[in-house]
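Asker: Dropping a structure here in structure tokens format, bear with me for questions.
Derivation of every value follows stated rules applied to the coordinates shown; laboratory data play no part. Note that the structure is a prediction, hence the values are computed from the model and not measured. Cβ placement follows ideal geometry from the backbone for every residue including glycine, while neighbour counts extend to all protein chains displayed.
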Amino acid sequence: MWLEQNKQLYRAFSFRDFKEAFSFMTRVADLAEKMDHHPTWTNTYNKVEIWLSTHDAGNVVTQKDEDMADAIDKLVPPEA
């Protein structure tokens, strides 16, 4: 579930291992390129944290972020 905090959408994801987390990040990177909307994120072993905001709109949450969050959710494996 995405949370809106500090003018950003935030979500943490947990995976079985680093390989699964990195595979997810690769899919998100491809999506970000297609949508021309690039997240701020971190990865530590099996955890990925993502923050979304629209820089062009003054670093606030816009429909572009909502669309990106929805698209990212579709990339999450059911077991994650």
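Asker: Considering all projection directions equally, how large on average is the shadow of the alpha-carbon convex hull of the range 19-60, in square nanometres? Don't skip to the end; give the middle numbers.
Answerer: Numbers: hull surface 11.7 nm².
Spelled out: convex hull of the Cα atoms, projected over all directions, averaged, 2.9 nm².
Asker: Between the helical axis of 18-35 and the dominant principal axis of the chain, each derived from Cα atoms, what acute angle in degrees is found, rounded to the nearest 10?
Answerer: Approximately 30 degrees, to the nearest 10.
Asker: Cα axis of helix 63-73 to longest principal axis of the chain: angle in degrees, 0 to 90, nearest 10?
Answerer: It works out to around 10 degrees.
Asker: How many angstrom lie between the C-alpha centres of the range 1-26 and the range 37-80?
Answerer: With the range 1-26 and the range 37-80 each reduced to a Cα centre, they are spaced 7 Å.
Asker: By how many nm would the segment from residue 23 to residue 6 lengthen if fully extended, with 0.36 nm per residue of separation less the alpha-carbon distance?
Answerer: Gain on extension, residue 23 to residue 6, equals 3.3 nm.
Asker: What are the principal axis extents of the Cα atoms in the chain, in Å, biggest first?
Answerer: Result, largest extent first: 35, 25, 19 Å.
Asker: How big is the dipole moment of the chain about its Cα centre under a simple scheme where the beta carbon of each Lys and Arg is +1, that of each Asp and Glu is -1, and everything else is neutral? Debye, nearest 20, please.
Answerer: That gives the chain a dipole magnitude of about 220 debye.
Asker: Moving to a separate point now. Using Cβ counts within 10 Å as a stand-in for footprinting exposure, how do 48, 60, 28, 76 rank, fewest first?
Answerer: 60, 76, 28, 48
Asker: Same structure, new question: For Cα pairs less than 8 Å apart in space and 6+ apart in sequence, what is the mean separation divided by the residue count of the chain, i.e. the relative contact order in percent? Mind dumping the intermediate values first?
Answerer: Values: 111 pairs, mean separation 28.1, N = 80.
Rounded, it is 35 percent for the chain.
Asker: Same structure, new question: Please turn the phi angles of the range 50-57 into ³J(HN,Hα) values with the Karplus equation 6.51 cos²θ - 1.76 cosθ + 1.60 (θ = phi - 60°), one per residue in order, whole Hz, x for glycine and proline.
Answerer: These are the phi-based 3J(HN,Hα) values: 10, 10, 10, 7, 9, 5, 5, 9 Hz.
Asker: If you rank 35, 68, 25, 1 by fewest surrounding Cβ atoms within 10 Å, what's the result?
Answerer: Result, fewest neighbours first: 1, 35, 25, 68.
Asker: In nanometres, what is the gap between the two model label sites at residue 57 and residue 38, each 7 Å from Cα along Cα-to-Cβ?
Answerer: The answer from the label model is 2.0 nm.
Asker: Sticking with this one: For residue 37, what residues show an amide H to amide H distance below 5 Å, using hydrogens built from the backbone and excluding near sequence neighbours?
Answerer: HN-HN under 5 Å from residue 37: empty list.
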